[in-house]
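Accompanying notes for the structure given below.
What follows draws every value from the coordinates through simple rules; no lab data is involved. Fair warning: this is a prediction, and the values are worked out from it, not measured in the lab. Using ideal geometry, Cβ is built from the backbone for each residue, glycine included, and neighbour counts are taken over all protein chains shown.
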């Protein structure tokens with residue numbers, strides 16, 4: 001049979017394992033949040049860069065914004081002449 005001291009040692013080991021698990025899970029959750037935020041940052045950066053590129057393309061008159069017929073340079077030139 002096990003003595004009281006052995007039971008206490010087992011309980012201490014179980015408690016320390018739970019604390020270690022809590023610390024490791026905390027770090028893993030923090031790492032997951034960092035990865036998600038980094039991905040969102042890249043998504044927003046890409047959207048802003050594409051919007052700036054489309055705006056410059058429209059303002060210079062050398063191209064068009066996909067799906068926008070009114071943004072064609074020839075259409076704008078015809079409107080400015082009249």
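Descending by average beta-carbon neighbour count within 10 Å, the peptides 30-36, 52-58 line up as 52-58, 30-36, the highest first. Placing pseudo-labels 7 Å out from each Cα toward the beta carbon at residue 51 and residue 24 gives an inter-label distance of 4.3 nm.
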